[in-house]
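Every read-out reported here was derived from the displayed coordinates using simple, explicitly stated rules and does not represent laboratory data. These numbers come from a predicted model, not from an experiment. All Cβ positions, even for glycine, are placed from backbone atoms using ideal geometry, and neighbour counts span all protein chains on display.
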Amino acid sequence: MLHTITISLSSLHISTLMPMIIVILGGLGILCIDLINKNLSKSLYVMLSILVLVIDLGVVLGYSGPSRGMFDMILSDGIATLGQIIILVASMLFIPLSLTSKRFHEYSHPEFFALFLFMTAGFQFMVATDNLMLIFIGLETASLSLYTIIALHNLEKSFEAAIKYFTMGALAAGFFVFSAMLIYGVTGSIELHKIAKVIALDSFASQLGLLGAVAFMFAALGFKLSFIPFHTWVPDVYEGASAATAGYISIVPKIAGLIVALRFFDIFITAGNEWVYNVLYVIIIITMTFSNIMALVQDSVKRMLAYSSISHAGFVMTAVLVNTTASHNALFLYWIMFTFTNLGAFAMLWISRYKRSEFSAKYDHPYQKFAGMVTIKPVAATIMAIFMLSLAGVPPFALFWGKLYLLGAIINSGNTFLAILMVLNSAIAAYYYLKLVVFMFLKEPDPKANVAYMKNASTALKTIVGFSAAVTILAIFTIEPFLEMISSYVVASGF
Amino acid sequence: MDHLLSLIIFFPLFAGVLGFIVSKDSIKAYGISIATVEFLLSLALWFNYNPAGNNFQFVEYFPLISAYGINYHIGIDGISLFLIILSTFMTMISLIALNIEKDIKNLVITILVLEMTMVGVFSALDVIVFYLFWELSLVPMLYIIGAWGGKLRVYAAVKFFLYTFAGSLIMLIGILYLANYFHSVTGIWTFSITDWQLLVIPVNLQIILFIAFFIGFAIKVPMFPFHTWLPYAHGQAPTIGSIILAAVLLKMGTYGFVRFSLPLFPDASVYFTPFIATLAIIMIIYTAMVAFAQKDMKQVIAYSSISHMGVIVLGTFALNAEGITGSVFFMLSHGIVSGALFMLVGVIYDRRHTKLMSEFGGLASIMPKYATIFGIILMSSVGLPLTMGFVGEFLSLVGFYKVSPVMTALGGTGIILGAIYMLNLFRESFFGKSKSKENEKLKDLNKKELMALVPLVLVVIWLGVYPKPILTPIDSSVKKMLNLMQLKAQTPEAKERLLVVKKAKEAK
């Protein structure tokens, strides 16, 4: 006999769900428009997507209701807000990259934009909850859309990338569910704040089950955040996806994954579980070092950037490891700076995308293609070089400040040895970023090649590149306001 | 004149950006005029500088990241004042002598950006601002060596960049650690050197931090055994790159010792003196011997440059007024003399496209003006009295004599060895019979080259005969710094060493 349960609508706090509802409705709206008229230009959909994201951002920023809603499943604390801001702004900056001057297969389908918005909603779900099931749903929504978006690029390589990513992602999803199951078995809950309480009371009485759960979680998050040894999909997926999508993959899914990792590992590191701490430590060091070494030997700029993004993810995970307020601030600052720099770098690759590849049968963007770029397109070469120097951490460009603040936070927490390992890695990393600068500035252009660096350029793309270059160069003046915003949100949510 | 120093820092950058608009045929004239204005501005700095005034003058301050204590804090004292003038002067001279045609626009703009970073390094009082300019200076130099250099230019440029970049990252750790320590003691976040100087740091921590800073600076100087990047860089760099590298960029390392290592870590400086002095002496003797073995004129000068930097380091770690004042003065004279030598080698290389000594001979009769100028500069380089090179070298060694006569004697052999290889170079190339017929057609210095070289010769002689206008401001700043170090010293050894300093001062 079932009892009727009455729930008042007001106790649900539907407003906590509003940000996701808006983008999903936006995506559905785009599909409906397509039903009515099939011949609309992609520029319409780009603008509609941006507008939906702007409205969403406004709602996220303006939200001042209770922090929990929808049966306590949605959690909109400071970290969730901050994560959503980064996701939405990054999405807004990436979607105009589809306004290319060349035609590409994916942008002629309005479904692309609907999928893009659904994906954004998925990532928002991931950051705005501490319920493992809802995280899983968000993760899957976003990932499934992303696989499709990659495949829509409609090259053989893209299908390969999408299938590879899908298979790996499915495995990771399985791990995630396994982890959640074990955690539920041990603690009787799938909500992180309740799990934390049980673990604190229990003092690891049920070690084995919990550790199993953590191990599965390592694998699941490791796939998403591309930690070594779960990184094998990264270079191929970047290679197969369009440069615009690859840039997006390097930023938005990672910040969502980082926030989940932050919420999850915080429980164990705060509880003083040495096993988790040590494993995380080792994984971070391996991730930074190996990806840097792999990046050294790449022939393609895009693959190099793929390995570089693995290394940056490892770098920033140190903030989760040391787990202080300053390090959490540093994590977000680093990622914001990384967003602008990487956005610029991938947008530059996207601009130089050329259908016929004259230098290499394998790659779209081999180093050789950029040889002597400074004599052909000095301004473009200078801007690209600035992005590379920023990635390498040369002051005064954007990522240096993220690195400075992160290293400062790590030294503050007493992990000087870790900081030394990190700077040694930065020194290795400088070499491969420099390699592109060397090709652009120090080599003679290939006389045979009829290179068209700006083939794919349009006003929209140039604006995005200009904007990210401006932020990268003038970063020093943006650090103060960013830090204020970040620390107010981070402190508000008690991390 | 409130913002004179900022103007001097950012004027070349601004001019460099505008330079993109200037047409290619006029860009050299544009570069020279900008560099001249910049030089005149830096002279204005000198005339407005008051040697009896505050420790740091022309101070400017505004917060950049106040939550973390990073401020735009600049100012100069007697030590940095002349290094700034050296930077602007050598930039101007090297632009006058410039005769590269390829991509000249990019080159001139790069030089102007480099000039900004050099002046910035010497005027920063906030460590992060210092670090910012310090790192940024690598980028233009990378481009200069890599784009206009010789055959192995890319290798040389990348090696230069990576070496110094790795060293300065270690220094960054030291900087952040010290800032963190400062915060934990005082509760204030700051990166201002003027605040840091007042902090007494426990000796153990001083030693660790000293090492971190030392790695950063030693690679830049470059000290033995980190010196291997320099011969490559010089060997491959175009003349203008070598001039600026030898004249100014290397001085950033020794300036770092004087500005940061000594006042921040007095006890560690005393503690490490024997070690560093040993390195410096190895550097002086070993590189002098290597220089003697070279066949390429430019390599001789490159190694002699390292050898002289050894004397500078030795003088700095004498930790007394004579030694440090002498070493700062030697930085200036080495800047001018080695810059001039590289320029002279560049002159002959442009005519003959070889730098091998064995190719020349008898140049004295073919190119008398060239030989005269080369001779004067060379004499200064080996430290002949009444030339600029003598004053600095002598004072540095006198300073260290008070610490250890034996080590000073060993360091002094560098002067003798220097005389041997330099005179050998002069004999091989300028006297005797010409070894190649091509030599006989060589033209003597033209007007443009004379315009660049004669001022250098005049400065070398002027400051050799009458160095007082420069020595006095340097000396007063050095003494202020030494007083501070003496007050902060904790270990008995350091107290004793730095007390000698004081006695010496009173004896005067």
Between 0 and 90 degrees, rounded to the nearest ten: what's the tilt of helix B:138-148 against the longest Cα principal axis of chain B?
10 degrees
Tell me which residues come under 5 Å, amide H to amide H, from B:Leu356 once H is placed; ignore anything under 5 positions away on its chain.
B:Met297
So which of B:Lys105/B:Lys151; B:Lys298/B:Lys433; B:Lys251/B:Lys298; B:Lys298/B:Lys441; A:Lys369/B:Lys298; A:Lys435/B:Lys28 end up more than 26 Å apart by C-alpha?
A:Lys369/B:Lys298; A:Lys435/B:Lys28
Run the numbers on segment A:14-492 and let me know its relative contact order in percent, using alpha-carbon pairs under 8 Å that are six or more apart.
16 percent
Mind giving me the FRET efficiency for B:Ile188 and B:Ala44? R0 is 41 Å, r the Cβ-Cβ distance, nearest 0.05 is fine.
0.75
Residue-averaged [θ]222 nm for chain A, counting only DSSP H segments that reach four residues, each worth -39500 (n - 2.57):
-25000 deg cm²/dmol
How many nm is it between the label spots at B:Phe275 and A:Lys197, if each spot is 7 Å from the Cα in line with the beta carbon?
5.5 nm
State, as an integer percentage, the relative contact order of segment B:100-258 based on alpha-carbon contacts under 8 Å between residues 6 or more apart.
27 percent
Which of rounded, prolate or oblate describes segment B:265-508 when judged by the alpha-carbon gyration tensor and an a/c cut-off of 1.5?
prolate
Where does chain A land on the Kirkwood hydrodynamic radius, alpha-carbon pairs, in angstrom?
23.0 Å
What do you get for the angle between helix A:459-473 and the principal long axis of chain A? Use alpha-carbon atoms, 0 to 90 degrees, nearest ten.
70 degrees
Taking Cα pairs closer than 8 Å and at least 6 residues apart, the relative contact order of chain B in percent is 15 percent
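What trypsin sites (Lys or Arg not before Pro) in segment A:388-448 are in a loop by DSSP, with at most 11 other Cβ atoms within 10 Å of the Cβ?
On the way: sites: A:Lys403, A:Lys435, A:Lys443, A:Lys448; in loops: A:Lys443, A:Lys448.
Passing both the DSSP loop test and the Cβ count: A:Lys448.
Please order B:Thr316, B:Thr110, A:Thr478, A:Thr167 by the number of other Cβ within 10 Å, starting at the fewest.
Placing the least packed residue first, the sequence is A:Thr167, A:Thr478, B:Thr110, B:Thr316.
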Using amide H atoms built in the peptide plane, which far-off residues or other-chain residues are under 5 Å from B:Leu384 H to H?
B:Phe390
Residues with amide H under 5 Å from that of B:Asp126, placed H, sequence gap 5 or more
B:His73, B:Ile193
Loop-located trypsin sites (Lys or Arg not before Pro) in segment B:233-322 whose Cβ has at most 13 other Cβ within 10 Å (DSSP):
B:Lys295
For segment A:119-135, what does the Karplus curve 6.51 cos²θ - 1.76 cosθ + 1.60, with θ = phi - 60°, yield as ³J(HN,Hα) per residue in whole Hz, taken in order and with x for Gly and Pro?
4, 4, 4, x, 5, 5, 4, 4, 8, 9, 7, 10, 9, 4, 5, 5, 4
So how do A:His105, B:His227, A:His3 line up by other beta-carbon neighbours within 10 Å, fewest first?
A:His3, A:His105, B:His227
Rounded to 10°, Cα long-axis angle of helix A:78-94 versus longest principal axis of chain A:
20 degrees
Near B:Lys468, which lysines are there with a Cα under 19 Å away, not counting those fewer than 8 places off in the same chain?
B:Lys479, B:Lys480, B:Lys505, B:Lys508
Give me B:Glu135, A:Glu480 ranked fewest to most by other Cβ atoms within 10 Å of their Cβ, as a rough exposure proxy.
A:Glu480, B:Glu135
Can you give the helix-only mean residue ellipticity at 222 nm for chain B, where every DSSP H stretch with n ≥ 4 adds -39500 (n - 2.57) and the sum goes over all residues, rounded to the nearest 500 deg cm²/dmol?
-24500 deg cm²/dmol
